[in-house]
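Some notes on the structure that comes next.
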Amino acid sequence: MRTIGIAIVFFALWLLMSGIFEPFIIGLGVASVLLTLFITSRMDAQDGDRVKLLLAPVKYAKYLAWLMLEIARANWAVTKIILARDMPIRQHLFKTPYTQKTDVGQVIFANSITLTPGTITVETEDGHFLVHAVSWSEDDPDALADMDARITACETAGGA
């Protein structure tokens, strides 16, 4: 059932990205999904290493909606900085702690920081990330702490 579900998701993603519904293209999509599933099953047979997604789907969907809004706000802020005559850039490197228990949660947090315009996760270390901000303000650590708390709330029980 898991493989069938993954195949359906992959094929739906293929259709959404291609936007072409001709038989040849659909055939290529089916072939691509089957090849991907074959390679993935072979890889899993070799090492047995699987990543458990210990995320609450509804909470994670709400987080993604919130993140899209934050990305839009950050885009607007960075655009104003770039278009300003004096370009008020205040670059700053700082550490931000994370509270996620799973590797997936930590990756989501680091990628969320990087996806937000004007910030990038430069380095990961035990217990914190090193973050670069183009226009640093005193509110940045609090905003990242809020993001961290939202992602941690998405994790389900069972995180190691």
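The values are calculated or read from the model by the stated rules, or taken from the named source; none is laboratory data. Keep in mind it's a predicted model, so treat the numbers as computed, not measured. We place every Cβ from the backbone using ideal geometry, glycine too, and count neighbours over all the protein chains shown. The area values use the complete protein model at the heavy-atom level, side chains included, leaving out ligands, DNA and RNA. Shrake-Rupley method; radii C 1.70, N 1.55, O 1.52, S 1.80 Å.
Points to keep in mind about this one:
- Angle of helix 23-47 to the longest C-alpha principal axis of the chain, folded into 0 to 90 degrees and rounded to 10: 80°.
- Take the Cα of Gln91, go 7 Å toward its beta carbon, and the backbone nitrogen atoms of segment 134-150 under 17 Å from that spot belong to 134-137.
- Residue ranges 101-109, 84-92 sort as 101-109, 84-92 when ordered by packing (mean number of other C-beta atoms within 10 Å per residue, highest first).
- Label zone at Asn75 (point 7 Å along Cα-to-Cβ), backbone N below 19 Å, segment 119-160: 119-120, 134-135
- Nitroxide proxy distance, nm - points 7 Å out along Cα→Cβ at Ala12 and Val51: 2.0
- Here the extension length gained between Ser41 and Met1 equals 13.0 nm, from 0.36 nm per residue of separation less the Cα-Cα distance.
- Computed about the Cα centre, the dipole magnitude for the chain is approximately 440 debye when only Lys and Arg (+1) and Asp and Glu (-1) carry charge, each at its Cβ.
- Here the relative contact order of the chain, from alpha carbon pairs under 8 Å that lie six or more residues apart, stands at 25 percent.
- Percent accessible area from carbon and sulfur atoms, the chain, protein chains only, probe 1.4 Å: 66
- Nitroxide proxy distance, nm - points 7 Å out along Cα→Cβ at Glu22 and Leu83: 4.1
- With protein chains left intact and a 1.4 Å probe, residues in segment 10-85 average 80 Å² of accessible area per residue.
- Here the average projected area of the convex hull drawn through the C-alpha atoms of segment 18-76 stands at 7.1 nm².
- Each residue of segment 108-124 is assigned a 3J(HN,Hα), and the resulting list reads 4, 5, 4, 5, 5, 4, 5, 5, 6, x, x, 9, 8, 7, 8, 8, 10 Hz, derived from the Karplus form 6.51 cos²θ - 1.76 cosθ + 1.60 (θ = phi - 60°), x at Gly and Pro.
- Net charge contributed by nearby residues that have their C-beta within less than 12 Å of Tyr60 (K/R +1, D/E -1): +2
- Each of (i) -0.79, -1.24; (ii) -0.97, -1.15; (iii) -0.86, -1.13 is a candidate for log10 I(q)/I(0) by the Debye sum over Cα atoms at q = 0.15, 0.19 Å⁻¹; the one calculated from this structure is (ii).
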